[in-house]
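Beneath this line is the structure, given in structure tokens, with notes to follow.
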Amino acid sequence: MNVDIKSENGYAVATLNGEIDHHNAKEIREEIDRFIIANQPRELAMDFGNISFMDSSGIGLIMGRYKLISECGGRLVVKNPRQYIKRVLKISGIERIVRIVNDRL
């Protein structure tokens with residue numbers, strides 16, 4: 001799993017690749033948290049377009065980043081989740097607090 005974070009004018013995109021599970025969620029969380037604390041973006045989009053698998057650790061990952069960025073005055077967006085991930089997010093209730101968008105054709 002790797003995370004590539006690009007930022008411009010207060011807006012950032014963290015592109016996630018691979019799988020999100022209990023084995024790698026801590027590493028992802030720490031990398032994104034360091035970025036949020038150092039840069040305090042107005043908006044951070046977590047791009048899930050290249051995520052092939054996600055367990056409940058992904059829910060915790062999103063919730064924790066939502067809490068941190070909210071405390072810093074920003075907002076979190078989840079981009080491009082595959083259909084089954086989108087369904088898990090809906091069932092978990094995350095879509096009520098985090099905007100979920102698709103920008104793929």
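Please go through the range 56-87 and give me each residue that is open to solvent by 60 Å² or more (accessible area, probe 1.4 Å) and either part of a loop (DSSP other than H, G, I, E, B) or over 21 Å from residue 41 (Cβ atoms) (or both), ordered by number. Spell out how you get there, then give the answer.
Step one: filter the range 56-87 for residues open to solvent by 60 Å² or more (accessible area, probe 1.4 Å), giving 56, 63, 66-67, 71, 73, 75, 82-84, 86-87.
Matches in the range 56-87: 56, 73, 82, 83, 84, 86, 87.
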Exercise for the section: Return the total of residues in the range 2-29 being under 11 Å from residue 61 (Cβ atoms) and either surrounded by fewer than 16 Cβ atoms within 10 Å (Cβ to Cβ) or touching a strand residue (DSSP E or B) at 6+ places or on another chain (Cβ under 9 Å) (or both). Expected result: 10
Exercise for the section: Specify the residue that is nearest to residue 52 (Cα to Cα); the eligible residues are those in the range 88-102 that are open to solvent by 50 Å² or more (accessible area, probe 1.4 Å) and not in a loop (DSSP other than H, G, I, E, B). Expected result: 88
Exercise for the section: Check the range 19-33 and report whether any residue there is within 25 Å of residue 72 (Cα to Cα) and touching a Cys at 6+ places or on another chain (Cβ under 6 Å). Expected result: no
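Anything in the range 32-55 that is surrounded by fewer than 16 Cβ atoms within 10 Å (Cβ to Cβ), in contact (Cβ under 8 Å) with a residue 24 or more places away in the chain and not hydrophobic (A, V, I, L, M, F, W, C)? List them, or say none.
Keep residues of the range 32-55 that are surrounded by fewer than 16 Cβ atoms within 10 Å (Cβ to Cβ), which gives 33-34, 37-40, 42-43, 49-50, 52-53, 55.
When the remaining residues are screened for being in contact (Cβ under 8 Å) with a residue 24 or more places away in the chain, the result is 33, 37, 39-40, 42-43, 49-50, 52-53, 55.
Those that are surrounded by fewer than 16 Cβ atoms within 10 Å (Cβ to Cβ), in contact (Cβ under 8 Å) with a residue 24 or more places away in the chain and not hydrophobic (A, V, I, L, M, F, W, C): 33, 39, 40, 42, 43, 49, 50, 52, 55.
Identify, from the list 82, 87, 99, 34, the residue that is among the basic types (Lys, Arg) and in contact with a Leu (Cβ under 9 Å, 6 or more places away or on another chain). Even if it seems obvious, please write down each step before you answer.
Numbers: 82 fails: in contact with a Leu (Cβ under 9 Å, 6 or more places away or on another chain); 87 fails: in contact with a Leu (Cβ under 9 Å, 6 or more places away or on another chain); 34 fails: in contact with a Leu (Cβ under 9 Å, 6 or more places away or on another chain).
Exactly one of 82, 87, 99, 34 is among the basic types (Lys, Arg) and in contact with a Leu (Cβ under 9 Å, 6 or more places away or on another chain), namely 99.
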Fill in the blank from the handout: Contact list, first residue from the range 85-105 and farther than 15 Å from residue 67 by Cβ and among the hydrophobic types (A, V, I, L, M, F, W, C), second anywhere and modelled with pLDDT under 95 and loosely packed, with under 11 Cβ neighbours inside 10 Å, beta-carbon distance below 7 Å, six or more apart or interchain, is none
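The values are calculated or read from the model by the stated rules, or taken from the named source; none is laboratory data. Since the model is a prediction, treat every value here as computed from it, not as a measurement. As a convention, Cβ positions derive from the backbone with ideal geometry for all residues, glycine included, and neighbour counts pool all protein chains shown. Accessible surface is based on the protein model in full, side chains and every heavy atom, while ligands, DNA and RNA are left aside. Shrake-Rupley method; radii C 1.70, N 1.55, O 1.52, S 1.80 Å.
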